[in-house]
């Protein structure tokens, strides 16, 4: 039995599940509000753990990259605990040369460099890809299957003692704290 604070987490996407799991591990009594029909970006996301490309494409700096790398580096232990496979084989940015040029510049600004994939390898990896595109490969960016990860994170949270409630989080109820992890979804918590 936990003796820590009672916490209600609203939202059962990747952020809500990992937050609930971490709070349960810290000794909190956690209830996760998970209305069955709630839409969530996590289940339809690409599953990218892509700190480098995200930093470059969002115009970030070294501090942004450091934070995103630290977040990515938490996934192997979490994935091992939950039984999720993390694909560390790297990722590729695919596009016209004019689109990849600023990506290369952004990488250089961060002291990084991607590898140009030969056209024959790109065609093998992505049959039917347009002839006029190129690919830039980065080993630092990873991916996982988002649906598998959500299912495994939910099972890990349940095993850690997180309770799941199907109703909308109304204020914080009898909880000491309310964590809003609903992303862009509307109607998962009421204030």
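Where a number appears in this text, it was derived from the coordinates with a stated rule and is not lab data. If you're wondering where the values come from, they're calculated on a predicted model, not measured in any experiment. When we count neighbours, we look across all protein chains shown, and the Cβ atoms used for this are built from the backbone with ideal geometry, even at glycine.
Multiplying the residue separation of residue 151 and residue 164 by 0.36 nm and subtracting their alpha-carbon distance yields 3.3 nm. Once the Cα atoms are used to define both axes, helix 14-25 deviates from the longest principal axis of the chain by about 50 degrees. Pairs of Cα atoms nearer than 8 Å and 6+ residues apart set the relative contact order; for the stretch 48-143 it is 42 percent. Using the rule -39500 (n - 2.57) for each DSSP H run of four or more residues, divided by the residues of the chain, the 222 nm mean residue ellipticity is -12000 deg cm²/dmol. Reducing the stretch 85-101 and the stretch 114-143 to their Cα centroids gives an inter-centroid distance of 7 Å.
Relative to the longest principal axis of the Cα atoms of the chain, the long axis of helix 62-82 makes an angle of roughly 60 degrees. When 177, 75, 142 are arranged by Cβ crowding within 10 Å, least crowded first, meaning fewest neighbours, the order is 177, 75, 142. Taking every alpha-carbon pair under 8 Å whose residues sit at least 6 apart, the chain reaches a relative contact order of 39 percent. Fully extending the segment from residue 172 to residue 74, taken as 0.36 nm per residue of separation minus the present Cα-Cα distance, adds 32.4 nm. What do you get for the angle between helix 146-159 and the principal long axis of the chain? Use alpha-carbon atoms, 0 to 90 degrees, nearest ten. Relative to the chain, helix 146-159 is tipped by roughly 30 degrees. Averaging 1/r across all pairs of distinct Cα atoms in the chain and inverting the result yields a Kirkwood radius of 18.6 Å.
Each residue in 150, 32 was given a count of other beta-carbon atoms within 10 angstrom of its own, and listing them fewest first yields 150, 32. Computed packing ranks the peptides 63-74, 5-16, 44-55, 80-91 as 5-16, 44-55, 80-91, 63-74, most packed first, by mean other Cβ atoms within 10 Å. Sorting 98, 33, 156 by the number of Cβ atoms found within 10 Å of their own Cβ, with the fewest placed first, yields 98, 156, 33.
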